[in-house]
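Here's the structure we're looking at; comments come further down.
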Amino acid sequence: MSRRPLTRTLLAGLAALGCVASVAAAQPPRPMLLRQNAPVVEAPRPRLVVLLSIDQFRADYVVRFSDLYLPGRTADRVGGFNYFRQFGAWYPDCRYEHHRTVTAVGHSILGTGAQPQYSGIVGNTWADPATLKRVYCVDDPNSKVIGLQPGSKETPMSAANLQVTTTAYELEVATGGEAKTCALALKDRAAILLVGHKADAAVWFDEETGGWVSSTPYCPDGKLPAWVDALNARKRPDELRQTPWTPAVSDEAMNRVRLVPGEKKKFSHELKGADYLPFAGSPAGNQYLFESATEAVKQMGLGQDDTPDMLCLNLSSNDYVGHRYGPDSAEVLDISVQTDRQLSEFMNFLAKTVPGGLSRVTFAISADHGVVPVPELQTAAGLPVERAISAAIAAAADGALDKAVGAETWIGSGENGDLYFNNAAVAAHPEVERARMQQIAAQAVRSVPGMLFAVGREDVLRGNVPRNSLGARITNGVHPNRSGDVILILKPQWLPGGARTGSGTSHGSPFADDTHVPMLVAGAGFRPGTYTAPVGPAWLAPSLSHVLRVARPSGSDTPLLPGLVGATR
């Protein structure tokens, strides 16, 4: 096969381009069109957008319990999850694209469409790299608690640590403040990170006193909205917690659950206690959230005119139940079924309250993370799963650095599953780069039982990560100024802890148990259908912005969800 010299090939190519240019120059210019004569299809603009996050709600719950859920639609009512699957846009392959799957990160992604590397929300907590002081994701000492009652332990909260905007914030800006935005959740970090820096109302639950509270960024006049004060005065949680939580499903439905030794399929849990945690960790907590959301819609007039409004909700109770009992328990089955019924009730309320009904509402459902099975259940089945020893991980890193660099107290913090170095120890050895110290520690901890992978922060920032989905998730999840020196990844279904025995379960890994969550959207702007292409929860915020005709949140760089009216991918 003959080969022409490179120079001759380049000259021939340039000559050909010159011929094309000459022909083009001889033609009259024509306007550039993506699609000639194609009509512009505008998505119907909703009167109300509802963003609902169900805390710790794995994607399989949508289909696993579907036979126990309400029908999608009857003659005069809509159901819950089955309504969204049958008459909305359903994305069965929706997975988070970061590695630390916890509440704060998931809610920040749903609200902003931004990965932690941009949003700065790398976990529920992290360590200040300079002082190693623990930082809670929504701490704000510059604000004040509003609605504080005697006996409360609430501290000031806001979105000050969030470094990007939310869809709700962009809606406020685009409408000159005419849009009304509201967030409610039992968890402070859920309400705040869904709605962002500005809202007409943002409240969360005080588990000590049973009332809604807020902070000065959302209540600049120093007062709770009147409708929130009225809810607090009603003392509804005190009524709801008088009735124990017993199953709402049949004995036959309970046959599918896996019991931890000592637990029963039939249960009765008291909701009264010294505080309101037992109440919050039951379907009654979700019931109160929906009742409060109903009041917010009524009193704020949400969805009543052509300026779109946005309501952000989180059902925190599902997470409390899942942590305590595990995803295969009778309690998780029951609260999932009760969530379906409560969701249906709220949907039917909106259908009657918003002019134009559900056709003028865009309702999106997702979750902040999933959950792994109780390790002891997996071990009993023969799976090599345990609870990792956090102390052993830190000791391995410390010992390796002692040997390679010099004897010091190297590990200063283990917040958020990262190892943060003691800065004084690092400063004492200027002859060794911090990046090299990170590599030494990472290499050492990989041999600890339960560890799958460890990598230094500087290697992540330089792109020295595996060229696979795990590497991509770590890259998305690491922030240059907030993540630790060494990023730790446990094996699938292993849990962090201080001992090899324990109870309950948790989440936080980059694997399917924790990353695979629902994505269900119904109403204005979305074509009904099942969309099986892989998507991520970060795709939701810019998609809602598209439907609202406002700017994307500032940290969002994902595609739009398939199924949007008037959008191409």
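What follows draws every value from the coordinates through simple rules; no lab data is involved. Everything numeric here is computed off the predicted structure, so don't read it as measured data. With ideal geometry, Cβ positions are generated from the backbone for all residues, glycine too; neighbour counts draw on all protein chains shown.
Tabulated data
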{"read-out": "Separation of the ASN481 and ALA391 label points, Cα + 7 Å toward Cβ, nm", "value": "3.6 nm"}
{"read-out": "Span from the the range 343-385 Cα centroid across to the the range 257-287 one, whole angstrom", "value": "19 Å"}
{"read-out": "5 Å binning of all Cα-Cα separations within the range 390-490, expressed as whole percents from 0 upward", "value": "2, 14, 27, 26, 19, 9, 3, 0"}
{"read-out": "At least 27 Å along the helix axis (C-alpha) and Kyte average at least -0.5, DSSP helices within the chain", "value": "6-26, 330-353"}
{"read-out": "Computed lengthening from ARG446 to VAL565, 0.36 nm per intervening residue step minus Cα-Cα distance", "value": "38.1 nm"}
{"read-out": "For the chain, projected area of the alpha-carbon convex hull averaged over all directions, nm²", "value": "35.5 nm²"}
{"read-out": "Cβ charges +1 (Lys, Arg) and -1 (Asp, Glu), total dipole of the chain, debye", "value": "1880 debye"}
{"read-out": "Peptides 546-559, 219-232, 311-324 ordered by average Cβ neighbours within 10 Å, highest first", "value": "311-324, 546-559, 219-232"}
{"read-out": "Simple spin-label estimate for ARG64 and VAL432 in nanometres, 7 Å along Cα-Cβ", "value": "4.5 nm"}
{"read-out": "Amide H partners (placed H, <5 Å) of GLY211, local residues excluded", "value": "ASP206"}
{"read-out": "Lys, Arg +1 and Asp, Glu -1 on Cβ, resulting dipole of the range 390-490 about Cα centre, debye, nearest 20", "value": "400 debye"}
{"read-out": "Principal semi-axes in Å for the range 226-358 [√(5λ), Cα gyration tensor, largest first]", "value": "31, 18, 11"}
{"read-out": "At most 15 other Cβ within 10 Å, DSSP loop - GluC sites (Glu not before Pro), the range 116-188", "value": "GLU178"}
{"read-out": "At 1.567 mPa s and 4 °C, Stokes diffusion of the range 282-402 via Kirkwood alpha-carbon radius, µm² per second", "value": "72 µm²/s"}
{"read-out": "Order by protection proxy (mean Cβ within 10 Å, highest first), peptides 466-473, 195-202", "value": "195-202, 466-473"}
{"read-out": "Which of ILE411, GLY399, ILE487, positive extreme of dipole for the range 390-490 (C-beta unit charges)", "value": "ILE487"}
{"read-out": "Among 128-137, 160-169, the order from most to least packed when residues are scored by Cβ within 10 Å on average", "value": "160-169, 128-137"}
{"read-out": "Sites LYS298 and ALA160, calculated FRET efficiency, Cβ-Cβ separation with R0 35 Å, nearest 0.05", "value": "0.70"}
{"read-out": "Principal axes of the range 61-186: Cα extent on each, largest first, Å", "value": "58, 39, 35"}
{"read-out": "The range 87-144 versus the range 146-219: alpha-carbon centroid distance in Å", "value": "15 Å"}
{"read-out": "The chain, relative contact order in percent, only Cα pairs under 8 angstrom and at least six apart counted", "value": "27 percent"}
{"read-out": "Distance between modelled label sites at LEU277 and GLU239, nm, 7 Å Cα→Cβ extension", "value": "2.7 nm"}
{"read-out": "About the Cα centre, charge dipole magnitude for the range 211-305 (Lys/Arg +1, Asp/Glu -1 at Cβ), debye", "value": "340 debye"}
